[in-house]
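Okay, so here's the structure we're looking at.
Derivation of every value follows stated rules applied to the coordinates shown; laboratory data play no part. Source: prediction; values computed, not measured. Quick reminder, even Gly has a Cβ in these numbers, built from the backbone with ideal geometry, and neighbours come from all protein chains shown.
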């Protein structure tokens, strides 16, 4: 339910805080006092479009906050988690600001959110129905939802939607395999050409690095030979060569070790070093004897490296990536060459999933059609009590979009779509709801639908504006009682000019406009006791005359006679 609405610098409202109760809440006030501004503020926190002209004159930013207490806290937290927003728990706080230049920002439980996230996060918290706000009712694509909710088919439909999702994915896979044959043939030829080039190259991972190293050695062949020859001379052939000097030192230390045994380890170490120096000299001798430039080998390496670089540029930027890409293309080519077998398997999977989904769709369709008459009769009965002698019908149409087989089309919601048709007055033809001109009639149709769906509708709270348009007397009393009946299971907020409706409220608040210091202000104040009697009298006659006051008291007494359970939401 909506617990609190807080507004700052919005339209003619400087600062306002409105508290709502469970059950039926009523807002009354003179025309132009600012009741519609409250509706606009609620639209804003539900993700509606921000308007720069909604910022109060003299302010730089308008702010609206709303505090909700969701009925289904676990479901709401799961929704918020899927949107990347903080959990609500028992309270969900929404905040929206609009700057003078038109820029807006939104927060959900303190976390910054986009307008799209805000719309998703608040969906199902509050339905607004007003003179121009019947989007849900006028959208024929949602009428099937109303019927399914009435017939308690939501679990069955959820099972169907899961089956349909699997079917649709399988059909997309089949369609990809069954795409344009010429394009597939071209792809096969292209893959074969690319693989032929890679296979002929017989490139190995790391080959380019090994060849680059060999190229560096060939280019420096003379420098390497001269350096090895010089090092070999220093180790073994020149005067004072290291290996010769080490051998002499070893012999001298061995003589001394015969006198002092503690020198023998040193003598052995030097003897080992002399042997290693001698071995190093022999290795260098072999190295410089075979080291030399090989122009033909260098040319071959350059040609090979250029080929490998070309392959790397074409297939991923490196030789390793090109080798991996070859395996990927080989797998794709194999798949395309086995196209017929894969296509047959995909078609079989589609047929199996279609049959499974079709069973659920037919069950769903049978139950919908069986429930349609009862739904129409129930809504028409509610409309009759609201002063509309109307006929309602559900028109079914087969799906035109979806997955088809043997002339049967399965759509996202089943075998059919549905649209509510209404004849507002006896003798008039049934017409789509969108063609009904009166906002008051639409509001009453929505009220009747909500009355029928009160046990199954997932929406927490309803706001009705203009529901009293064009009615009075006994019909107004019936509308008030219908609102009260809905308020047994849901929070209801109603903006009205009729005392026959306002008298049923659990919380009655008055919207007033005043001028202070040359500025217009709107304020909302709860009324009770004598103050409420005076407000009802004003609604009755425009003045709190003794007759009007007495009539107001009579209305309150009659409303008080309603069962106590009707006064508060469950």
Seminar exercise, completed: The residues 515, 7, 13, sorted from fewest to most surrounding Cβ atoms within 10 Å, come out as 515, 13, 7
Problem set entry | Within the chain, helix-based [θ] at 222 nm, where runs of 4 or more DSSP H residues each add -39,500 (n - 2.57), nearest 500 | -17500 deg cm²/dmol
For this session: Sort all Cα-Cα distances of region 185-337 into consecutive 10 angstrom bins from zero, then give the percent of pairs in each bin up to the one containing the longest distance.
Result: 10, 22, 17, 14, 13, 12, 8, 4, 1, 0
Exercise. Roughly what angle does helix 473-486 make with the longest principal axis of the chain, taking Cα atoms, 0 to 90 degrees, to the nearest 10?
Worked result: 40 degrees
Seminar exercise, completed: Percent antiparallel among DSSP beta bridges confined to the chain, nearest 5, equals 75 percent
Problem set entry | On Cα atoms only, tilt of 339-385 relative to the major axis of the chain in degrees | 20 degrees
Exercise. Taking the highest mean first, how do the peptides 490-500, 354-364 order by number of other beta carbon atoms within 10 angstrom per residue?
Worked result: 490-500, 354-364
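By average Cβ neighbour count within 10 Å, what is the ranking of 505-514, 404-413 from highest down?
Order by mean packing, descending: 505-514, 404-413.
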Problem set entry | Cα-based helix-to-principal-axis angle, 35-45 vs the chain, degrees rounded to 10 | 20 degrees
Exercise. Hey, any idea what Rg/Rh is for the chain, computing Rh the Kirkwood way over Cα pairs?
Worked result: 1.35
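Multiply the residue separation of residue 520 and residue 193 by 0.36 nm, subtract the distance between their alpha-carbon atoms, and state the gained length in nm to one decimal.
On the way: separation 327, 0.36 × 327 = 117.72 nm, distance 7.91 nm.
Between residue 520 and residue 193, full extension yields 109.8 nm more.
Compare the peptides 445-455, 74-84 by average per-residue count of other Cβ atoms within 10 angstrom and give them in order, highest first. Numbers along the way, then the final one.
Details: 445-455: 21.8, 74-84: 14.9.
Ranked by mean Cβ neighbours within 10 Å, highest first: 445-455, 74-84.
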